[in-house]
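Down below is the structure, laid out as structure tokens.
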Amino acid sequence: PVVREGKIQGYVIGRFAFSAPASAIRKDKDALTLYASEAIFRSVYEEEGLDFTQLKIVEVDKLIARMVAKANARIGHPTIAQIFVESMNFLAHDAVRCQPAK
């Protein structure tokens, strides 16, 4: 969920991938996936400039560069070469219909 000013604004649904040298992936694919996922999560949910409730142009290349920089900072050296955004959608909280469990 995207929370702003103490209220759930909605939900981001995305599909991402990353690239790194084959040797790094063979050595520790799970850790790289974790670092990349954390960087994507933080970039989408923590950046105040990325506001899905306000329609405006998002500079995706700059967003991806920040994601890569965050992941590599956590790793401690430049390992993640690129993060790819296959899809990223926002579903407003008001659009979600809760179905009671039966």
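Observations
- Residue 49 meets the conditions (1) at pLDDT 95 or above; (2) over 13 Å from the mean Cα position of the chain (by Cα); (3) not aromatic (Phe, Trp, Tyr) in every case but one. The failed one is (1).
- Residue under evaluation residue 30, criteria (1) open to solvent by 70 Å² or more (accessible area, probe 1.4 Å); (2) modelled with pLDDT of 90 or more; (3) within 13 Å of the chain's Cα centre (by Cα), criterion not met: (3)
- Of the residues screened, residue 80 is not one that is without any contact (Cβ under 8 Å) to a residue 40 or more places away in the chain and open to solvent by less than 50 Å² (accessible area, probe 1.4 Å).
- Of all residues making up segment 92-102, the number that are part of a strand (DSSP E or B) and either modelled with pLDDT of 95 or more or surrounded by 14 or more Cβ atoms within 10 Å (Cβ to Cβ) (or both): 0
- Total residues in segment 40-68, condition touching a residue at least 12 places away in the same chain (Cβ under 8 Å) and either farther than 20 Å from residue 8 by Cβ or open to solvent by less than 80 Å² (accessible area, probe 1.4 Å) (or both): 15
- Members of segment 57-74 found to be of a type in the set (Val, Ile, Thr) and either outside any helix (DSSP H, G or I) or at pLDDT below 95 (or both), listed by number: 57, 58, 60, 64
- Sole exception among (1) closer than 14 Å to residue 9 by Cβ; (2) open to solvent by 60 Å² or more (accessible area, probe 1.4 Å) for residue 73, by number: (1)
- Qualifying positions in segment 1-21 - over 22 Å from residue 73 (Cβ atoms), open to solvent by 50 Å² or more (accessible area, probe 1.4 Å) and of a type in the set (A, V, I, L, M, F, W, C): 3, 8, 13
- Cβ pairs under 9 Å, 6+ apart, first in segment 16-29 and in contact (Cβ under 8 Å) with a residue 24 or more places away in the chain, second small (Gly, Ala, Ser) and surrounded by fewer than 12 Cβ atoms within 10 Å (Cβ to Cβ): 16/87
- As a summary of the residue check, residue 86 satisfies the conditions (1) in contact (Cβ under 8 Å) with a residue 40 or more places away in the chain; (2) surrounded by fewer than 16 Cβ atoms within 10 Å (Cβ to Cβ); (3) over 14 Å from the mean Cα position of the chain (by Cα) except for the one numbered (3).
- Restricting attention to segment 1-39, the residues being in a helix (DSSP H, G or I) and small (Gly, Ala, Ser) number 7.
The values are calculated or read from the model by the stated rules, or taken from the named source; none is laboratory data. Keep in mind it's a predicted model, so treat the numbers as computed, not measured. Note that we place each Cβ from the backbone using ideal geometry, even for glycine, and neighbour counts take in every protein chain shown. To get the accessible areas, we keep the full protein, side chains included, count just its heavy atoms, and leave off ligands, DNA and RNA. Shrake-Rupley method; radii C 1.70, N 1.55, O 1.52, S 1.80 Å.
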